[in-house]
Amino acid sequence: MSGEAPPPSRPLLGYVVYDMHELGSIIKRERLRRGLSQAQLALRAGTDQSSLSRIESGREDVTWARLRAVLHSMGLEPELGLRPVEHGEDPAHVAMARRLQPSQRLEGGPTSPSSPATCGKPPIRQDTIVTVRRADRDADRGPSDPFRVLATLSRHGVDHVVIGGWAVIAHGSTRTTNDIDFVASPETENLKRLASALKDLKAELWGVDAHLLGVQLDAQTFASGANFTLTTDAGGVDYFNEVPGGVPYEQLRERALRTEVRGVPVTVAAVDDLIRMKRAAGRPRDIQDLALLTELQAGESDPLIRRGSPT
């Protein structure tokens, strides 16, 4: 009938799910609210009870089609909502950082007008410079001097790629970081060079009673496949053999961005690889980095960022 008011919409239950395993507890909660046993709900949804039990306990992933079938059996309809993740950085600062070269982002200011990085390019106005702020001291691992770490690795000829916070800064983030995270070529000779560089930095395993473990930081130890959280006299250093979401080293290095900071060559992971790593890690800081990296991904066409070539 024309003019008749539409029926009132039924209220949303308001669940916000950040992990697919949380869906199991929601299904169980709604099942119990309706006084249904697992056997009853499984029968209604056309599945078996053992599978439903695994879903409810988070031991089995559920597809979208199966989720709808189970929820429909309880008179519920799932809705998928998308929203941008807030990366927490000032958009104006990020925009200014994108106008800088990666070396300038890591340096915290412009290179000299006569340096190779700026020759033949329009000068960058002083008011566009974003100073990359880093904590002067890691509360746990002492004073931080990332440039010295990178210079030492370079001096010893260590084939490596920087990941983590420093790599994110190189691609345009204005956030802070205290330590250097990197992966290295697993070749034996390279690991020997790595051990020599870390010896120069007086590296030690970091952690409670780590000194009692008697671990020798040599090529054999680094080839073991473990990850190493270290303290050095230049601050925190994290060496990774295995990175969640990572790819084989040669692929990572081939796609990496190459730049130079204070005369030291620096190789940092490409945006696509950082996104894979951050997505796999999934910590709050990683999710914020993901939001910024996906926003900056369009910047790959920026002439100041040339993947795999010096800047």
- Built amide H within the under 5 Å cut-off of residue 171, gap 5+: none
- Report the full-extension gain for the segment residue 227 to residue 272: residue separation times 0.36 nm, less the Cα-Cα distance, to one decimal in nm. 14.0 nm
- Task: Would you kindly derive the ³J(HN,Hα) couplings of segment 186-191 from the backbone phi angles with the Karplus curve 6.51 cos²θ - 1.76 cosθ + 1.60 (θ = phi - 60°), listing them in order in whole Hz, with x for Gly and Pro?
- Result: x, 4, 4, 5, 5, 5
- Spacing of the two label points (7 Å from each Cα toward its C-beta) at residue 61 and residue 279, in nm: 1.2
- Task: Compute the distance in nm between two label points, each set 7 Å from the Cα along the Cα-to-Cβ direction, one at residue 37 and one at residue 242.
- Result: 4.3
- Here, residue 155 and residue 54, labelled 7 Å along Cα→Cβ, have an inter-label distance in nm of 5.6
- Arranged by the count of other C-beta atoms within 10 angstrom, fewest first, what order do 43, 274, 252, 32 take? 32, 43, 252, 274
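Fewest first, what order do 79, 22 take by the number of other Cβ atoms within 10 Å? Spell out each step's value before the answer.
Values: 79 6, 22 13.
Taking fewest neighbouring Cβ atoms as first place, the list is 79, 22.
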- For segment 282-296, in order, what is each residue's ³J(HN,Hα) by Karplus, 6.51 cos²θ - 1.76 cosθ + 1.60 with θ = phi - 60°, in whole Hz (x at glycine and Pro)? x, 6, x, 5, 5, 5, 5, 4, 4, 4, 6, 5, 5, 5, 7
- Message: Using each residue's phi in segment 146-154, evaluate 6.51 cos²θ - 1.76 cosθ + 1.60 at θ = phi - 60° and report the 3J(HN,Hα) Karplus result to the nearest Hz, with x for Gly and Pro.
- Response: x, 4, 5, 4, 5, 5, 5, 4, 5
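A short reminder: the numbers here are calculations on the coordinates, not readings from a lab. Owing to the predicted nature of the structure, the values given are computational and were not obtained by experimental measurement. Heads up, the Cβs are rebuilt from the backbone with ideal geometry, glycines too, and the neighbour counts pull from every protein chain shown.
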